[in-house]
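Data block below; observations after.
Only the coordinates and a few stated rules stand behind these numbers; no lab work does. What you see is a predicted model, and the numbers here were worked out from it, not measured in a lab. For neighbour counting, all protein chains shown are included, and Cβ atoms are generated from backbone atoms with ideal geometry for every residue, glycine included.
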Amino acid sequence: MTYIIKTAGKKGIGVFVKRNIKKGEVIYEKDYRGHGKIVKAKDIPKLSEKDQNHVDYIGRERYAVDYSPISLINHSCRPNAYIYYVNFLLKKVIAMDDIKKMEEITVNYIIDTTGKWKMKCYCKHKNCLHIVSSDYFKLPKDLQEKYWKYVPRWKKRMLRK
Ligand SMILES: [Zn+2]
């Protein structure tokens, strides 16, 4: 295993790398085939608050309630990793930059999430947006360009509508 799960201050728990990681390296892979708890978008409000914070979009208006490491990775406004969608049921966490041993793995939720939600950001970066949502166009223009290659195809389609 390349990662360890431990507390990450105000953010609760986070996922950290156990060794140095090179840019482009696959850190974690999540296969949702055979995953237990899958719900429709309309049923999310019926879930417990904790479960509602752990739903991952897996396509066709379906969400997986998931507590595997991929769902525990915290957001950062300047992330060091991104999620690559082989397809909706197979996702890979890939290093965007070199990551040093015991550094926290972070992704930018704006890049690959959908739906109406908002959360406070505690990434502490000097250009932190403070409030995060799935709205890609809330990103500063330069970051919209920089991260476009990491936006999954399904979200690009939604954004072009
Ligand atoms: Zn932030």
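For this structure, a couple of remarks:
- When residues of the range 98-132 are limited to those that are away from the ligand (no atom under 15 Å from the Cβ) and free of Cβ contacts under 8 Å to residues at least 40 places away in the same chain, the one farthest from residue 71 (Cα to Cα): 116
- The set of residues in the range 68-97 that are β-branched (Val, Ile, Thr), in a loop (DSSP other than H, G, I, E, B) and more than 16 Å from the ligand (Cβ to nearest atom) is empty.
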